[in-house]
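Written out below as structure tokens is the structure these notes cover.
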Amino acid sequence: MDQTRITRLGKRCLIIFAIILGLNSCKEDKPLIIEEEELAVVIPEDIFEFGFNLNDFYVKRDTVRAGDSFGEIMQRHKIGYPQIFQIAEKARDSFDIRKLQIGKPYTILCSKDSLQEPKCFIYQPNREEYIVLNFQDSIHAYTSRKPIKYVEKEVSGVISSNISETLDQKGISFILAYKMSDIYAWTIDFTRLQKGDRFKVIYTDKYIDDTIYAGIDNIKAAVFEHKNEDFYAFEFETDSVKGLKDYFSEEANNLRRAFLKAPVEYKRISSRYNLKRRIALYGNKIRPHKGTDFSASVGTPIRATANGTVTKSAYTRGNGNYVKIRHNTTYETQYLHMKKQNVKVGQYVKQGDVIGWVGMTGNTSGPHVCYRFWKNGKQVDPFREKLPEAEPISSVLKAKYLEYIAPLKVQLDTIKFEVETAQPSDKLITQVN
Ligand SMILES: [Zn+2]
């Protein structure tokens with residue numbers, strides 16, 4: 001904002017200068033008068049922030065320092081204790097003045113006269129919100145938000161080794177890669193991408209107050225070409241009341257499954273489900289492994305991979321501390337070698353709830369979770385199962401969804417694969433206050 005103002009002022013000065021020069025060359029009697037008239041017209045442009053015209057005030061900006069309190073800051077600006085007390089009392093319902101945090105910015109709007117009397121105290125607890133304590137006339141306090149702008153962007157890429165690298169070469173945050181791998185968690189194994197796999201993404205960037213970049217907001221639509229097959233993903237709101245959103249394919253199938261892919265953030269899968277596993281230690285005899293071992297540090301939270309009821313939370317010599325959950329009449333999951341359980345038998349848990357922590361109890365040589373997946377009472381490999389969708393789209397919404405994605409799909413299909421493209425293209429889509 002300041003910059004545009006400066007350039008505008010600069011242009012005006014140039015015009016004035018040109019007029020003076022022009023007049024000087026033909027009429028030498030009046031140039032100075034015109035110059036004065038022109039300069040008098042230059043009024044400082046209004047600068048609005050926090051809902052105030054900053055030109056009406058003397059603006060003081062600072063950050064909360066160690067040892068600062070609202071009272072002390074106000075005192076430094078020559079406000080007496082009775083008034084500080086009054087402000088604190090009146091503001092109490094909207095803001096607790098004791099909650100000022102060190103390092104957070106604040107702005108004091110003072111009268112423009114020589115007294116520079118504080119009229120407003122504005123505190124910014126985060127980049128988007130600000131709290132105004134206005135004591136110009138009567139005291140009032142309120143919380144407000146800075147205007148947020150979303151800019152839609154498009155990007156395409158061809159994989160040479162992995163998606164983060166491809167995006168990095170285009171100067172795009174790894175967050176986009178992270179969001180992509182999340183959307184496609186059940187469709188594409190991002191650790192096994194192939195050279196030549198390609199993708200196109202329509203996503204939104206977020207800006208606060210027009211200028212402050214606040215990162216990638218979300219992915220609207222994407223297509224991933226893997227093993228010569230196109231995997232489309234479109235974000236769609238299935239419950240506007242709860243604000244539930246999910247990603248669906250072009251046939252309206254939910255891309256997410258009812259189960260998380262793994263119960264922990266793991267370092268690696270140390271052993272997969274394998275009925276023909278042979279172990280040298282046991283004389284190369286077949287020792288089937290009916291679980292998937294996820295290596296993780298001791299103490300890593302273990303999460304329920306789906307909603308369900310805890311049927312076992314116990315200890316055996318082989319399993320160590322373990323938990324078993326029944327999800328429905330078909331599926332159960334079991335988590336072994338925990339350091340400690342966090343749930344009791346009979347307890348209902350939701351997908352993602354912490355049910356225990358990684359340990360090495362029972363028969364194990366290192367810290368990991370042995371994750372066992374049961375279908376109709378038999379242990380199966382969850383990675384090879386066709387698992388139920390997280391939440392299928394309702395038939396009522398399906399028509400609406402297909403109508404919604406049609407132009408998005410066209411937009412995706414029109415994006416070109418430009419390997420050398422340095423910058424994503426962008427266009428402004430919405431501006432909200
Ligand atoms: Zn195991």
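Figure legend: label point modelled 7 angstrom from the Cα of residue 86 along Cα→Cβ; residues of segment 129-163 with amide N under 16 Å from it are 133-141. Here the simple spin-label model places points 7 Å from the Cα toward Cβ, and for residue 127 and residue 218 these points are separated by 1.8 nm. Legend: distances between Cα atoms for 290/375; 324/375; 267/344; 312/378; pairs beyond 19 Å are 267/344.
Of the three principal axes defined by the Cα atoms of segment 265-320, the extents in descending order read 38, 26, 20 Å. For segment 154-226 versus segment 338-364, the spacing of their alpha-carbon centroids is 33 Å.
Here the calculated FRET efficiency for residue 117 and residue 143, from their Cβ-Cβ distance with R0 = 22 Å, stands at 0.35, rounded to the nearest 0.05. When only Cα pairs below 8 angstrom with a gap of at least 6 residues are kept, segment 280-413 shows a relative contact order of 27 percent.
Our coupling estimate for segment 293-303, obtained by passing each phi through the Karplus curve with A = 6.51, B = -1.76, C = 1.60 and θ = phi - 60°, is 9, 9, 6, 7, 5, 4, x, 5, x, 9, 10 Hz, Gly and Pro reported as x. The HN-Hα couplings worked out from phi for segment 383-391 by the Karplus form 6.51 cos²θ - 1.76 cosθ + 1.60 (θ = phi - 60°) are 6, 10, 7, 8, 7, x, 5, 4, 8 Hz, whole numbers, x standing for Gly and Pro. For segment 315-421, the equivalent ellipsoid built from the Cα gyration tensor has semi-axes of 41, 20, 13 Å, listed from largest to smallest. Rg/Rh for the chain (Cα atoms only, Rh after Kirkwood) is 1.13. Using θ = phi - 60° in the Karplus curve 6.51 cos²θ - 1.76 cosθ + 1.60, the 3J(HN,Hα) couplings for segment 151-158 round to 10, 7, 10, 10, 8, 10, x, 10 Hz; x is entered for Gly and Pro. Compared with the alpha-carbon gap, the fully stretched path from residue 60 to residue 298 is longer by 80.7 nm at 0.36 nm per residue.
From the largest down, segment 125-223 spans 67, 25, 19 angstrom on the principal axes of its Cα atoms. Between amide H atoms placed 1.01 Å from N, distances below 5 Å from residue 362 occur with 320, 321, all of them 5 or more places distant or on a separate chain. Test of understanding: in a Gaussian network model of the chain with alpha carbons linked when under 10 Å, which of 279, 216, 131 would top the mean-square fluctuation ranking? Comparing 279, 216, 131 in the GNM, the peak value goes to 279.
Computing FRET efficiency as 1/(1 + (r/R0)^6) for residue 178 and residue 136, where r is the C-beta to C-beta distance and R0 is 56 Å, gives about 0.75. Under 5 Å between amide hydrogens, built in the peptide plane, is the criterion, and for residue 49 it picks out 54 among residues at least 5 positions away or on other chains. Close amide H partners of residue 231, meaning residues 5 or more places away or on another chain with modelled amide H under 5 Å apart, are 224, 225, 226. Over the chain, accessible surface divided per residue gives 58 Å², non-protein components excluded, 1.4 Å probe.
The convex hull built on the alpha-carbon positions of segment 177-292 has an orientation-averaged projected area of 11.5 nm².
Element breakdown for segment 54-192 at a 1.4 angstrom probe: carbon and sulfur atoms account for 47% of the accessible area. One decimal place: the segment residue 314-residue 402 gains 26.9 nm when fully extended, by the rule 0.36 nm per residue minus the C-alpha distance.
Annotation note: GluC sites (Glu not before Pro) in segment 105-173 located in DSSP loop regions with a Cβ neighbour count of at most 16 within 10 Å are 128.
The values are calculated or read from the model by the stated rules, or taken from the named source; none is laboratory data. The shown structure was predicted, so the numbers you read here are calculated from the model rather than taken from an experiment. Here Cβ is always computed from backbone atoms with ideal geometry, including for glycine, and neighbour counts include all displayed protein chains. The accessibility values were calculated without ligands, DNA or RNA, using every heavy atom of the protein model including side chains. Shrake-Rupley method; radii C 1.70, N 1.55, O 1.52, S 1.80 Å.
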